[in-house]
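Structure, as structure tokens:
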Amino acid sequence: MKKIFKYLGIVLSVALMGTFTACQVVQENESADLGLGIKVFFPTKVVAGQPMTINGSGFMDVKAVEFPDGISITSFELVSNEMIRVVAPSGISAKGGKIAVVSGDDRAESSASLSLGETVISGFSKQEGESIGGGEQLTIFGQDLEFISGVELLNADGEPEFIGDELFYRKGTSTVIINIPKKVFEGTFVGKVFTLDGREFPMPELTYTPASDGGHWETVKTMVWENAGSGAVSWNGTYRFALEGHDGASECIAEIPQDLWDKMMTETFYLDVEATDPQIRVTNGWWDAQWGGDYQPGNELLTDNGDGTWTLEINLSNAPDFVATLVEKHILFTGDRFTPLRIYFAEDVWVEGGGHMELVKTSIWKNAGSGAVSWNGTYRFALEGHDGASECIAEIPQDIWDKMMTETFYLDVEATDPQIRVTNGWWDAQWGGDYQPGNELLTDNGDGTWTLAINLSDAPDFVATLEEKHILFTGDRFTPLEIYFAEEVWVEGGDGGSGSKQDVFWENAGGGAVSWNGTYRFALEGHDGANECIAEFPQDVWDKIKTGTFYLVVEATDPQIRVTNGWWDTQWSGDFQPGNELLTDNGDGTWTLEINIAGDPLADTIDEKHILFTGDRFTPVKLYF
């Protein structure tokens with residue numbers, strides 16, 4: 001919110017019905033003419049390291065912020081003449097006290113007092129020696145738990161992983177609920193709890209087990225109110241909400257039942273608004289008290305949902321003086337440039353039922369047969385319709401291009417020892433260095449391919465050159481296969497044939513349709529059977545093919561699939577066509593064949609020979625476990 005804004009004078013007119021209603025006429029003018037002063041600050045209870053916001057006037061010349069016990073801070077963010085952001089320092093008096101801003105010879109002190117918090121953990125919902133599964137919840141009990149900043153657990157590879165508090169569900173300041181990641185380490189260990197002021201608490205020693213496939217976490221919203229058609233806010237008093245049956249309900253858009261009202265006063269709730277650049281103020285209906293400052297883009301409590309809406313996270317439990325005014329009066333959401341959509345509570349709950357995590361790829365480009373890179377300029381990609389498209393292998397539509405410039409995407413290559421450079425088409429700027437085995441962004445997939453994770457958002461100077469020019473993947477000893485976005489999503493209703501996330505071990509890089517030809521041959525890596533094969537598989541993958549269930553996905557409308565060895569003298573079962581129980585129509589133009597050759601005569605022949613997928617009227621898409 002690095003924008004200086006001035007609040008216009010606001011005159012709130014109220015109707016007279018014999019006597020005044022609960023609203024009174026108030027005129028505000030929060031300009032620099034008010035001089036140096038602190039109106040409100042948030043939060044009012046802090047620990048060292050706690051981000052704070054101070055609202056007031058005359059801040060442009062402030063040189064220092066003073067905390068109780070004479071601690072003076074000169075490092076802070078001046079957001080505007082009316083707002084300062086600062087981090088609470090260490091050494092604040094346990095007794096608390098006033099804060100102040102200092103500008104030259106002028107000094108202004110807050111009317112409210114700052115208090116010092118101290119996190120105390122009294123227990124956990126799981127005790128030492130108990131088990132907990134991935135996807136389950138662990139509850140922490142204690143006091144001043146709002147200052148917990150995260151926990152440390154072990155990921156699936158046994159390495160420490162920090163889980164930030166954005167994934168917590170808080171109930172007031174005495175309860176914090178942590179959703180244990182599905183990909184947690186399988187074993188016994190002691191996790192850690194961290195607070196903003198650098199303190200560390202041990203968790204009980206628990207035995208962590210993998211997530212079951214019987215359900216998933218889902219955010220459930222409990223609606224308090226939804227907009228039925230009222231318009232935008234522009235410092236008006238439209239969106240007033242009162243406790244049901246109280247005097248404060250006069251002129252209000254809705255009344256809130258007692259149970260929901262009590263919950264709004266003590267727990268976190270959310271306001272969704274439609275806006276591009278909202279300025280949101282939460283005040284009482286008489287405009288003489290408000291919660292926090294004005295919330296605008298850049299404030300940590302205001303989230304851009306990326307679809308033309310924003311969400312403000314509201315917790316009034318830290319503002320008892322403000323809450324005390326609301327029963328007699330009411331709560332009002334006002335400000336500028338937004339339309340309220342809904343008010344609700346949100347809670348993560350466990351939903352029973354089948355499903356699985358699945359890696360979903362959104363392909364941007366696939367290689368149709370171009371060869372290896374050896375410092376050549378073959379693999380150039382430009383924004384569609386721009387001059388940079390000259391000599392490019394493909395043009396990228398604007399929406400995909402924008403996403404590539406701002407989000408992570410992936411490049412799969414075929415190689416044994418790749419050296420990958422990401423440059424613009426003129427070679428005068430590049431992203432990072434050369435990526436080779438050992439770099440954390442380059443992953444060996446174990447099947448003769450490697451994946452480079454690319455995020456250009458950290459290189460704005462490089463990105464700025466690409467629209468006029470283009471992006472080029474060059475280097476040595478690799479062939480690009482595919483560029484794509486990837487996201488792990490929860491898929492309802494079944495296990496995708498494998499009971500878990502698909503473990504893809506081969507994908508089609510551009511081979512055509514099958515019509516009783518011998519194109520799609522696969523062999524054990526390094527064996528004689530690799531003759532004329534499209535791919536070779538490592539021993540561990542080959543062993544799984546021979547002993548377990550794997551899946552072939554094909555693109556087809558009416559496939560006839562035969563699984564044979566490369567010499568056509570042995571095959572697995574018969575030909576698989578629609579109607580066979582092992583062949584599933586996925587409803588999107590693809591079919592999945594479930595294959596298990598363990599104990600079949602075919603399995604005994606493929607080491608010497610190889611495995612071949614042939615038949616008619618289909619194109620293989622991928623193989624996975």
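So here's what we get for this one:
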| read-out | value |
| --- | --- |
| Restricting the range 77-126 to trypsin sites (Lys or Arg not before Pro) in coil, as DSSP defines it, with at most 12 other Cβ within 10 Å | LYS95 |
| Over 27 Å between alpha carbons, listed pairs LYS45/LYS126; LYS366/LYS403; LYS45/LYS182; LYS95/LYS329 | LYS45/LYS126; LYS45/LYS182; LYS95/LYS329 |
| Virtual spin-label span in nm between GLU555 and PHE162, 7 Å along Cα→Cβ | 4.4 |
| Charge context of ASP412, other residues only, Cβ under 11 angstrom, K/R +1, D/E -1 | -2 |
| The range 105-166: GluC sites (Glu not before Pro) falling in loop per DSSP and having at most 15 other Cβ within 10 Å | GLU118, GLU128, GLU130 |
| Hz values of 3J(HN,Hα) by residue in the range 296-304 - Karplus curve (6.51, -1.76, 1.60), Gly and Pro given as x | 9, x, x, 6, 5, 8, 10, 10, 7 |
| Per-residue ³J(HN,Hα) for the range 245-250, Karplus 6.51 cos²θ - 1.76 cosθ + 1.60, θ = phi - 60°, Hz, x for Gly and Pro | x, 9, 4, x, 6, 4 |
| Protection proxy ranking, peptides 185-191, 523-529, average beta carbon neighbours within 10 Å, highest first | 523-529, 185-191 |
| The range 509-592 - charge dipole about Cα centre, Lys and Arg +1 at Cβ, Asp and Glu -1, debye rounded to 20 | 80 |
| Antiparallel DSSP beta bridges within the chain, as percent of all bridges there, nearest 5 | 90 |
| Linear extension gain, SER363 paired with ASP277, 0.36 nm per residue minus alpha-carbon span | 27.7 nm |
| Charge-dipole axis of the chain as Lys and Arg at +1 and Asp and Glu at -1 on Cβ define it, positive-most pick from PHE485, PHE550, ILE92 | ILE92 |
| Gain upon complete extension [ILE71, LYS544; 0.36 nm per residue less C-alpha separation] | 163.8 nm |
| Environment charge at PHE241 (Cβ cut-off 15 Å; Lys +1, Arg +1, Asp -1, Glu -1) | -4 |
| For the range 81-125 versus the range 426-443, the gap between their alpha-carbon centres in whole angstrom | 46 |
| Point-charge dipole on Cβ atoms (K/R +1, D/E -1) for the range 219-350, about Cα centre, debye to 20 | 200 |
| Ranked by how many other beta carbons lie within 10 Å on average, peptides 226-234, 56-64 from highest | 56-64, 226-234 |
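Every number here is computed from the coordinates shown, using simple stated rules; none is lab data. Values in this document were obtained by computation on a predicted structure and should not be read as measured data. Glycine gets a Cβ as well: all are built from the backbone with ideal geometry, and neighbour counts include every protein chain shown.
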